[in-house]
Amino acid sequence: MKSLRECIAEASEKKVAIGHFNISNLEALWGIFRAAQGLNVPVIIGVSEGERDFVGVKQAAALVKSIREEYQYPIFLNADHTYSFERVKEAIDAGFDSVIFDGAKLSFKENVIIAKQCVDYARSSGREVLIEGELGFIGTSSKILDEVPEGVMLDESSLTNPEKAKEFVLATGVDMLAPAVGNFHGMLRGGIDPKLNIERIKEISSAVGIPLVLHGGSGNSEDDFKQAIANGVNIVHINTEIRVAYRDAVKKSLQDDPEEVAPYKFLKPGVKAVQDVVTAKLRFFNNL
Ligand SMILES: [Zn+2]
């Protein structure tokens, strides 16, 4: 079976992107897996620190591994935004396939030091674990927002600088980089998020020479995705849109049948809603 590194290399060659979707429970995991399986494309499951605390770090690893082995399927597990070396180590020790060290709020120097420490630990783990670094602030919320979050400035001077990105990648040895290119976490209420800076994506991609990861994909337009993927983005993160679909479906299910008490019955529409959103995204990211 292909490794995550091989799947990313293949995506880069084909100029497509692998979808990364977050979960907080087993329902979302099944919805995402069924969507990927239906299209026969690799997929990455993400768990943030909060989601990891809720699901269980080792439990998340065991769940994804169980599907990978039973179905012989390229489904991978990523520790999404991880803010300390200790938690990076915990995820690597638990068997995650990749980890994001998010030092975007630290000084450049501190970000480099800890990201490098994470890369060294991953290389010494005896398994292939990929490390993603982050440079440039893109907000921290996976909600529906009324306005662009504070600190996420969308003018060019606050986007990730290509030269700095190159310096960061050379100094740390990270496998992938999440830049700030006009993207932010969460999505705006009632509309499409502001446009991505495609030119900047292109410049960063050619400066660093490693795959770029686009965070905060919920709310961006299809045209933006298409151009971002054509210019060096090989993984796209979607979280908020899945959360909204799941919440709405479960809410409707409970309203439609207030007498139902079996969770496997009233949660079923939630699984289907996640599957539908993820199928649409995967089709698009994979040019299908
Ligand atoms: Zn993110």
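Distance between Cα centroids, the range 226-288 to the range 27-55: provide it in whole Å.
Cα centroid to Cα centroid, the span is 10 Å.
Probe of 1.4 angstrom, ligands and nucleic acids ignored: what's the accessible area per residue over the range 31-101, in square angstrom?
Result: 38 Å² per residue.
Around Gly219, what is the net charge, scoring Lys/Arg as +1 and Asp/Glu as -1 over all other residues with Cβ under 9 Å from its Cβ?
-2
Which percent of the accessible heavy-atom area of the chain goes to carbon and sulfur, probe 1.4 angstrom?
53
Rg and Dmax of the range 176-288, Cα atoms, in Å?
For the range 176-288, the Cα radius of gyration and maximum Cα-Cα distance read 17.1, 59 Å.
Can you list the residues, at least 5 places off or on another chain, whose amide H is less than 5 Å from the amide H of Leu188, using H built in the peptide plane?
Those qualifying (amide H under 5 Å, at least 5 residues apart or on another chain) are Leu145, Asp193.
For the range 213-283, with every protein chain kept in place, what is the accessible area per residue (1.4 Å probe, Å²)?
With the other protein chains kept in place, the range 213-283 gives 47 Å² per residue.
Against the longest alpha carbon principal axis of the chain, how many degrees, from 0 to 90 and to the nearest 10, is the axis of helix 268-285 turned?
40
Would you mind classifying the range 81-126 by shape? Square roots of the alpha carbon gyration tensor eigenvalues, ordered a ≥ b ≥ c; an a/c under 1.5 is rounded, otherwise it is prolate if a/b is larger than b/c and oblate if not.
prolate
For the chain, modelled as a Gaussian network with Cα springs under 10 Å, which listed residue fluctuates most, Glu13, Glu134, Glu199?
Glu13
I'd like the orientation of helix 85-94 relative to the chain: the angle between its Cα long axis and the longest Cα principal axis, in ° from 0 to 90, rounded to 10.
Between the helix axis and the principal axis of the chain, the angle is about 50 degrees.
Work out, in µm²/s and without decimals, the Stokes-Einstein translational diffusion coefficient of the chain at 20 °C, 1.002 mPa s, Rh from Kirkwood over C-alpha pairs.
The diffusion coefficient I find is 113 µm²/s.
Within the set Lys2/Lys166; Lys89/Lys109; Lys14/Lys109, which residue pairs have Cα atoms separated by over 24 Å?
With Cα atoms farther than 24 Å apart: Lys2/Lys166; Lys14/Lys109.
Taking θ = phi - 60°, what integer Hz values does the Karplus form 6.51 cos²θ - 1.76 cosθ + 1.60 yield along the range 179-186, in sequence order, with x for Gly and Pro?
Here the 3J(HN,Hα) series is x, 9, 10, x, 8, 7, 5, x Hz.
Note the angle between two axes, namely the Cα long axis of helix 240-256 and the longest principal axis of the Cα atoms of the chain, as a number of degrees from 0 to 90, rounded to the nearest 10.
Roughly 10 degrees between the two axes.
Compare Ser98, Ser125, Ser48 in a GNM of the chain, Cα atoms joined below 10 Å, and give the one with the largest fluctuation.
Ser125
Can you tell which of Ala62, Thr82, Val119 lies farthest toward the positive end of the dipole of the range 47-139, using +1 and -1 charges on the Cβ of basic and acidic side chains (Lys, Arg; Asp, Glu)?
My answer, from the dipole projection, is Val119.
Tell me which residues come under 5 Å, amide H to amide H, from Leu135 once H is placed; ignore anything under 5 positions away on its chain.
HN-HN under 5 Å from Leu135: Ala178, Ala180.
When ranked by the protection proxy of mean other Cβ atoms within 10 Å per residue, highest first, what sequence do the peptides 25-31, 83-89 form?
25-31, 83-89
The values are calculated or read from the model by the stated rules, or taken from the named source; none is laboratory data. Quick caveat, the model's predicted, so the values are computed rather than measured. Neighbour counts run over all protein chains shown; Cβ positions are idealised from the backbone, glycine included. Each accessible area value is taken on the protein alone, full model and side chains, heavy atoms only, with ligands, DNA and RNA left out. Shrake-Rupley method; radii C 1.70, N 1.55, O 1.52, S 1.80 Å.
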